[in-house]
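Since the structure comes first, as C-alpha cells, the remarks are kept for the end.
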Amino acid sequence: NTKKLLVTGGAGYVGGVVAAHLLAAGHRVTVLDDLSTGVREGVPEGAEFVEARVQDAAKVLDSSYDAVLHFAASSQVAESVAAPEKYWRNNVAGTMELLAAMREAAVRTLVFSSTAAVYGEPVTVPITESAATAPTNPYGASKLAVDHMITGECAAHGLAAVSLRYFNVAGAFGRHGERHDPESHLIPLVLQVAQGRRSEVAIFGDDYPTPDGTCVRDYIHVADLAEAHLLALDAAGSGEHLVCNLGNGSGFSVREVIDTVREVTGHPIPAAVRPRRAGDPAVLVASAEQARTRLGWQPRRTDLAEIVRDAWMFTQSLGEGDA
Ligand code: UFG
C-alpha cells in the first residue's frame, strides 16, 4: 500500500538513506530540510523537496499525509555540551512544533529518530528498552525529552509512534554516506587516514574494562537501519508509543575497527593512544530483541568488514574539495 510521507531531515545521512528506501518501496516522499547540515544532493531522486525548518512543517503538512518520519535534529555530542541551548531549540522545541502541526493536520503516525545516548552509562549490557535512561550530555537529554513528549502525545491524542534508538550507525548506501564537519566519528576518521587526509587516528583510552582496553560499540549498517523504519510505519497502534533499540547486538572495540579498516583498505593506519574522551561509556551494545519481535526486523549486514567496505567506497567517492 502506497503511502504519502513527510521525511524531516531527509537531506542528511540517515534521513536520506531512509527516504531512498521509502521511494524504492513505492511510497511518495516529501523531504523537509533546512540544509543546515544536510546537503541538497542528499535528497534522493524522486522525492519532493521543501527547504524549510522543522518548525515550519505546518506549511507542508495536510491531511493527505499518512505519516511523518522525523530525522531533522542537531546530533553532535560535543557541540551539545558547548551549546546546549541549540539542542533544546532544534530538537525539543522543533519537535513540539512538528507534533502540533501533525495534530492540526490529523496526521497520526510518527517514526522518530532517537538514540542510544538516552541511556548514558549502561548498568547492564546488552541494553534493553527498559534500561534506566540517564543521558550524560545535552544531545541525549534532548532526544529523551522528545521521547517523553511523544509518549504524552500518544496517550492524550491518539498518536501512533515508534521511537527507534540507534546505536552506532555506520556504512553507506550509494551516494549517501556519513560526513560531519568537524568529523568526530570513528569509522569516517579512520578512513580519512586511509585516504591520506589525516596522518593518524587517536585511540581515546586503552584502559577500559574491555577485552583489549578500548571502548566497545554496536555498529549497525545504515541500510539495515533504514529497513527498520519501513517496518516501523505499521508497527504501532493508535495511542501506542513503541520504543525499539536498533543495533546488531554485538560489539566491536576501537582496535577491532582500526584493524578492520587496515584489512579493507590495505593501509597501515598509524594509531596513537590518547587520554579518554569525556563521557564515553566503556561498552554500548543493544539488545535487538524488541525490534525483532515487534518490527519483525533482522539486520542483514552484520559483518564489520562489509560495513567498513561500504563506508570506504563512499569516502573514496568524495572529491578533494568535499572534505
Ligand atoms: N573514538 C576514538 N578515536 C576517535 C573517535 C572516536 O577512539 O578519533 C572512539 C570513541 O572514544 C568511542 C568509539 O570510538 O569509544 C566510537 O566513537 P564515535 O564518536 O564514533 O561514536 P559514539 O559511540 O561516541 O557515539 C555514537 C553516536 C552518537 C550517539 C552515541 C550513543 O555517534 O550520536 O553513539 O551513545 F549519541
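Observations on the model:
- Residue in the stretch 279-297 that is most open to solvent (accessible area, probe 1.4 Å), counting only those that are of a type in the set (Gly, Ala, Ser) and within 12 Å of the ligand (Cβ to nearest atom): Gly279
- Residues that are open to solvent by 20 Å² or more (accessible area, probe 1.4 Å), more than 9 Å from the ligand (Cβ to nearest atom) and without any contact (Cβ under 8 Å) to a residue 24 or more places away in the chain occur at least once in the stretch 229-246.
- Test set (1) open to solvent by 50 Å² or more (accessible area, probe 1.4 Å); (2) polar (S, T, N, Q); (3) within 27 Å of Cys154 (Cα to Cα) - Thr37 fails condition number: (3)
- Among the candidates Thr124, Thr109, residue that is closer than 23 Å to Arg292 by Cα, open to solvent by 20 Å² or more (accessible area, probe 1.4 Å) and over 21 Å from the mean Cα position of the chain (by Cα): Thr124
- Leading residue by the ranking (nearest to the ligand (Cβ to nearest atom)) among those in the stretch 264-278 that are part of a loop (DSSP other than H, G, I, E, B) and loosely packed, with under 11 Cβ neighbours inside 10 Å: Pro275
- Within the stretch 59-85, restricting attention to residues that are of a type in the set (Val, Ile, Thr) and not in a helix (DSSP H, G or I), the residue that is surrounded by the most Cβ atoms within 10 Å (Cβ to Cβ) is Val68.
- Total residues in the stretch 1-34, condition more than 20 Å from the chain's Cα centre (by Cα) and open to solvent by less than 50 Å² (accessible area, probe 1.4 Å): 4
- Output for the stretch 191-218, where each listed residue is more than 24 Å from Val125 (Cβ to Cβ), more than 6 Å from the ligand (Cβ to nearest atom) and not in a loop (DSSP other than H, G, I, E, B): Leu191, Gln192, Val193, Ala194
- Phe112 vs. criteria touching a helix residue (DSSP H, G or I) at 6+ places or on another chain (Cβ under 8 Å), closer than 19 Å to Glu240 by Cβ and not charged (D, E, K, R): yes
- Arg301 more than 16 Å from the ligand (Cβ to nearest atom), free of Cβ contacts under 8 Å to residues at least 12 places away in the same chain and either farther than 15 Å from Val201 by Cβ or surrounded by 20 or more Cβ atoms within 10 Å (Cβ to Cβ) (or both): no
- Considering residues of the stretch 142-163 that are among the small types (Gly, Ala, Ser) and surrounded by fewer than 22 Cβ atoms within 10 Å (Cβ to Cβ) only, the residue farthest from Gly239 (Cα to Cα): Ala145
- Taken residue by residue, the stretch 226-234 has at least one member that is outside any helix (DSSP H, G or I), modelled with pLDDT of 95 or more and within 27 Å of Ser163 (Cα to Cα).
- Annotation note: Cβ proximity below 7 Å between a residue of the stretch 201-212 that is open to solvent by 60 Å² or more (accessible area, probe 1.4 Å) and a residue that is more than 6 Å from the ligand (Cβ to nearest atom) and charged (D, E, K, R) (sequence gap 6+ or interchain) occurs for Phe204/Arg274; Phe204/Arg276.
- The stretch 247-263, residues that are in contact (Cβ under 8 Å) with a residue 60 or more places away in the chain, open to solvent by less than 20 Å² (accessible area, probe 1.4 Å) and outside any helix (DSSP H, G or I): Gly247
The values are calculated or read from the model by the stated rules, or taken from the named source; none is laboratory data. Quantities reported herein were computed from a predicted structural model and do not represent experimental measurements. Cβ coordinates were reconstructed from backbone atoms using ideal geometry, including for glycine residues, and neighbour counts include every protein chain displayed. Remember, those area values only see protein heavy atoms, side chains included, never the ligands or the DNA or RNA. Shrake-Rupley method; radii C 1.70, N 1.55, O 1.52, S 1.80 Å.
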